[in-house]
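Asks: Got a structure for you, questions after.
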Amino acid sequence: YTILSRVHSDRNVYPSAGVLFVHVLEREYFKGEFPPYPKPGEISNDPITFNTNLMGYPDRPGWLRYIQRTPYSDGVLYGSPTVENVGKPTIIEITAYNRRTFETTRHNLVINIMSAEDFPLPYQAEFFIRNMNVEEMLASEVLGDFLGAVKNVWQPERLNAINITSALDRGGRVPLPINDMKEGVYVMVGADVPFSSCLREVENPQNQLRCSQEMEPVITCDKKFRTQFHIDWCKISLVDNTKQVSTFQEVIRGEGILPDGGEYKPPSDTLKSRDYYSDFLITLAVPSAIALVLFLILAYIMCCRREGVEKRNMQTPDIQLVHHSAIQKSTKELRDMSKNREIAWPLSTLPVFHPVTGEIVPPLHTDSYDNTSMPLMQTQQNLPHQTQIPQQQSAGQY
């Protein structure tokens, strides 16, 4: 894809300091900057996202916020300008991205902050609306309805929306996606007259007790908001700037002379030589000597204190040695059989006499056996009262 970028002329806006500023980034306005769908007759509904930043910086000013829920909804810039930025033009770079064609277009929004004669309004009230999201509250008709309800309850001469903040920016939690739950929004308004008796009802001890017990307080003017806005009266904040006491304390300045601490003596530039031979002996020589002694003791125990095979055989019974020797011989014969299948049968499997004639059968092969070993089985010739089996005679003798 060929990524194209277009830069258009600047757009100037003139918000007032201390008054809510809302600027909508309309997708319909930016869709004309991108080519339509390849097929004629189709309606272009490309996903478009926006990136906003202060010119020359990666992010926006601290008072300005931006929100866009989906690539198919409009983006909104909102915030409350500060008095420090009055008279200084703030240039916001708005870059629109077409997620289908990967094209971009850029616009510059020049914000010229003006000073407000009636700012700051001394009486300020912040409401928490539970059934609204921030982008819904920023709509001009919804915000106008809320200010109309507040003006009906407060009856001020001048009423302005100062700031709007999402509950998520105040540490709120994302609501569950059930029953069309909203995240909530804080709306701060300011007026030039004291708070009405209806708003003061929140400060009653009875309502404060109900709020501490997580119960809704009893507010007489709540029905004027309930038709469209569900206000959490326990989270309402009333600020009277006319009664705020200045916390500035006069600084008592001294003579500006530090007490005499004596003459300053800097450390010497030359360092004394140090002998590290003793440190070497402690860290290396001593542990090495201890390891060598332990090695010699272990070697003496393992090599010089062995009892030997002879002593072991002297302490072992003869019958156990004979059994062990027989097991070794049988094991050796089985290993020889596994190497060569054609060798003679082992002595342990050969008969000691002929089954018909009764003659003693000598072994087919001799093996070197220990003379001191005791035989496990006596041969037939050593048995007393041996019975001889008669030999077969020719037929002519009968």
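The values are calculated or read from the model by the stated rules, or taken from the named source; none is laboratory data. Remember, it's a predicted structure, so these values are computed and weren't measured experimentally. No Cβ is skipped: glycine too gets one built from the backbone with ideal geometry, and neighbour counts run over all protein chains shown. Heads up: the accessible areas ignore ligands, DNA and RNA and are worked out on the full protein's heavy atoms, side chains in. Shrake-Rupley method; radii C 1.70, N 1.55, O 1.52, S 1.80 Å.
Asks: So, with a 1.4 angstrom probe, what is the percent of accessible area on segment 123-240 that is carbon and sulfur?
Replies: Carbon-and-sulfur percentage of accessible area, whole number: 49.
Asks: Here is a further query. Would you mind estimating how fast segment 123-240 diffuses translationally, via Stokes-Einstein at 37 °C and 0.692 mPa s with the Kirkwood radius over Cα pairs, in µm²/s?
Replies: This corresponds to a translational diffusion coefficient of 222 µm²/s.
Asks: What does the accessible area per residue of segment 11-113 come to in Å², with a 1.4 Å probe and no ligands, DNA or RNA counted?
Replies: That works out to 51 Å² for each residue.
Asks: Any chance you could list P(r) for segment 11-113, counting all Cα-Cα pairs in 5 angstrom bins from zero, rounded to whole %?
Replies: Going from the shortest bin to the longest, the percentages are 2, 12, 22, 22, 16, 11, 7, 4, 2, 1, 0.
Asks: Going by average Cβ density within 10 Å per residue, which order do the peptides 275-284, 13-22 take, highest to lowest?
Replies: Peptide ranking by packing, descending: 13-22, 275-284.
Asks: Mark the label point 7 Å from the Cα of Glu157 along Cα→Cβ and return the residues of segment 191-206 whose backbone N is within less than 19 Å of it.
Replies: 191-197
Asks: Right, another one. Tell me which lysines have Cα within less than 30 Å of Lys151's Cα, excluding those fewer than 8 residues away on the same chain?
Replies: Straight-line reach from Lys151, under 30 Å: Lys182, Lys223, Lys224, Lys235, Lys243.
Asks: Another one. How long is the gain from Ser268 to His324 if the chain were fully straight, where each residue apart is worth 0.36 nm and the alpha carbon distance is subtracted?
Replies: 11.7 nm
Asks: By per-residue mean of other Cβ atoms within 10 Å, what is the highest-first order of 133-145, 74-86, 49-61, 182-194?
Replies: So the peptides 133-145, 74-86, 49-61, 182-194, ranked by packing, come out 182-194, 74-86, 133-145, 49-61.
Asks: I would also like to ask the following. Taking 0.36 nm per residue of sequence separation and subtracting the Cα-Cα distance, how much length would be gained by fully extending the chain between Ala299 and Leu284, in nm to one decimal?
Replies: The Ala299-Leu284 span can extend by a further 3.1 nm.
Asks: A follow-up question, please. Just how much of Ile301 is accessible, in Å², when a 1.4 Å probe is used and the result is rounded to the nearest 10?
Replies: Probe radius 1.4 Å; accessible area of Ile301 about 100 Å².
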